[in-house]
Amino acid sequence: MSRKRTTYTAEFKTKLVLEVLKEDKTLNEIASVNNITPKNLQNWKKIFLENAEVAMEPAINRI
């Protein structure tokens, strides 16, 4: 029997990445509490940081 792939919302991913960036808990602790792999969390953090500049663009460019 195959495993069903779990999908996570952007809101959930962002919440966890921001928690990692606060550094109150380790990445492994956050992953464990939320039943995800540390590798997923590492990937989400990398993507988040690579795209952070988009949040600073003027609102005119976002439609």
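Which residue pairs have Cβ atoms under 9 Å apart, sit 6 or more places apart or on different chains, and have a first residue in the range 27-43 that is of a type in the set (Phe, Trp, Tyr) and a second that is open to solvent by less than 40 Å² (accessible area, probe 1.4 Å)?
Going by the 9 Å Cβ cut-off, there are no qualifying pairs.
Any residue that is of a type in the set (A, V, I, L, M), touching a Lys or Arg at 6+ places or on another chain (Cβ under 7 Å), open to solvent by less than 70 Å² (accessible area, probe 1.4 Å) and assigned to a helix (DSSP H, G or I) - is there at least one of those in the range 15-23?
Yes, that holds for at least one residue.
Hey, could you check the range 24-48 for residues that are of a type in the set (A, V, I, L, M) and open to solvent by less than 90 Å² (accessible area, probe 1.4 Å) and say which is farthest from THR9 (Cα to Cα)?
Once the filter is applied, the top-ranked residue is LEU27.
Report yes if LYS4 is open to solvent by 100 Å² or more (accessible area, probe 1.4 Å), without any contact (Cβ under 8 Å) to a residue 60 or more places away in the chain and either outside any helix (DSSP H, G or I) or in contact with a Cys (Cβ under 7 Å, 6 or more places away or on another chain) (or both), otherwise no.
yes
The values are calculated or read from the model by the stated rules, or taken from the named source; none is laboratory data. All figures in this text were calculated on a predicted structure; none of them were measured in a lab. Counting neighbours? That spans all protein chains shown, and the Cβs are built from the backbone with ideal geometry, glycine included. Just the protein is used for accessible areas: all its heavy atoms, side chains included, with ligands, DNA and RNA removed. Shrake-Rupley method; radii C 1.70, N 1.55, O 1.52, S 1.80 Å.
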